[in-house]
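Chemist: Mind looking over this structure? Questions follow.
The values are calculated or read from the model by the stated rules, or taken from the named source; none is laboratory data. All values derive from a computational prediction rather than experimental measurement. Note that each Cβ is placed from the backbone with ideal geometry, even for glycine, and that neighbours are counted across all protein chains shown. For the accessible areas, the whole protein counts, side chains as well, though only heavy atoms, and no ligand, DNA or RNA atoms are used. Shrake-Rupley method; radii C 1.70, N 1.55, O 1.52, S 1.80 Å.
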Amino acid sequence: YDGVPGWTGSAGQLSPPIAPGGSFEAHLTAPRAGTFMYHTHLDDYRQLSGGLYGPLIVVEPGVSFDPATDKVFVLGREGPDDTFAPLLVNGSSHPAALTLARGVPYRLRFIGITTADDVDLALTRGGVPISWRPLAKDGAALPPADQAPVTAGQRISPGETYDFEVHFDEPGELRLEASVSGAIHADTDLHVR
């Protein structure tokens with residue numbers, strides 16, 4: 001199902017319009033394990049800025065999703081104004097702080113679902129970016145040659161996903177910062193214990 005009412009890429013999988021209070025059930029088989037998203041395809045600005053999107057995380061057969069070490073960050077906007085609408089991380093411009101453990105590998109999954117913005121991310125300690133290891137892009141694992149540690153920063157365009165691995169050798173305070181054009185910010189603190 002494409003998601004646009006009356007449009008399809010496959011015969012027999014035509015998405016109907018869904019009236020307020022109505023519902024529609026779609027069944028799908030993911031092509032592989034990875035970080036994906038679902039989102040509206042109708043009246044995009046109004047519906048996306050109203051929160052009609054979310055993460056779709058697919059894990060390998062026999063593997064369970066572990067929210068203790070697998071962290072998902074969905075980047076969106078609150079309102080259809082691309083110039084002034086607040087940037088959101090998981091529905092908030094300042095989401096609750098996360099407490100993480102040192103010595104534990106974490107998978108950070110980022111999903112960009114703004115209407116028209118590129119979002120710049122940085123994971124910093126004392127204002128200085130740390131390092132993380134790229135794992136996947138748009139739901140596909142990166143080749144080993146592209147998984148070397150890099151500075152923890154990334155530009156994410158609408159519809160993109162990125163997965164990174166990070167672990168912390170020492171306790172301390174970090175900040176995950178997201179910004180659009182350097183002016184509109186969202187951030188969250190990470191406490192490593």
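Chemist: Checking T115 against (1) touching a Leu at 6+ places or on another chain (Cβ under 6 Å); (2) closer than 22 Å to H191 by Cβ; (3) not basic (K, R), which test does it fail?
Modeler: So T115 meets the others, but not (2).
Chemist: Between a residue in the stretch 28-55 that is in contact (Cβ under 8 Å) with a residue 24 or more places away in the chain and among the small types (G, A, S) and any residue that is in a loop (DSSP other than H, G, I, E, B) and surrounded by 13 or more Cβ atoms within 10 Å (Cβ to Cβ), which pairs come within a Cβ distance under 7 Å, given they are 6 or more apart or on different chains?
Modeler: Sorted first by the residue in the stretch 28-55, then by its partner, the pairs are A33/V59; G34/G139; S49/E78; S49/G79; S49/P80; S49/A85; S49/T115.
Chemist: To continue, here is another question. For the stretch 134-147, check the following and say yes or no: at least one residue is over 23 Å from E60 (Cα atoms) and of a type in the set (A, V, I, L, M, F, W, C).
Modeler: no
Chemist: Taking the criterion of being closer than 19 Å to D70 by Cβ and of a type outside the set (A, V, I, L, M, F, W, C), would at least one residue in the stretch 119-134 satisfy it?
Modeler: yes
Chemist: For the stretch 119-140, enumerate the residues that are buried (at least 17 other Cβ atoms within 10 Å of the Cβ), touching a residue at least 60 places away in the same chain (Cβ under 8 Å) and among the small types (G, A, S).
Modeler: Result: A136, G139.
Chemist: Turning to a different aspect of this structure: Just one of the numbered conditions (1) assigned to a loop (DSSP other than H, G, I, E, B); (2) open to solvent by less than 50 Å² (accessible area, probe 1.4 Å) is not true of L75; which one?
Modeler: Of (1) assigned to a loop (DSSP other than H, G, I, E, B); (2) open to solvent by less than 50 Å² (accessible area, probe 1.4 Å), only one is false for L75: (1).
Chemist: Also, I was wondering about something else. In the stretch 36-53, which residues are closer than 13 Å to T161 by Cα and either surrounded by fewer than 17 Cβ atoms within 10 Å (Cβ to Cβ) or among the basic types (K, R) (or both)?
Modeler: Residue satisfying the conditions is Y38 alone.
Chemist: Is it the case that G79 is over 13 Å from the mean Cα position of the chain (by Cα) and under 26 Å from S157 (Cβ atoms)?
Modeler: So G79 passes the test.
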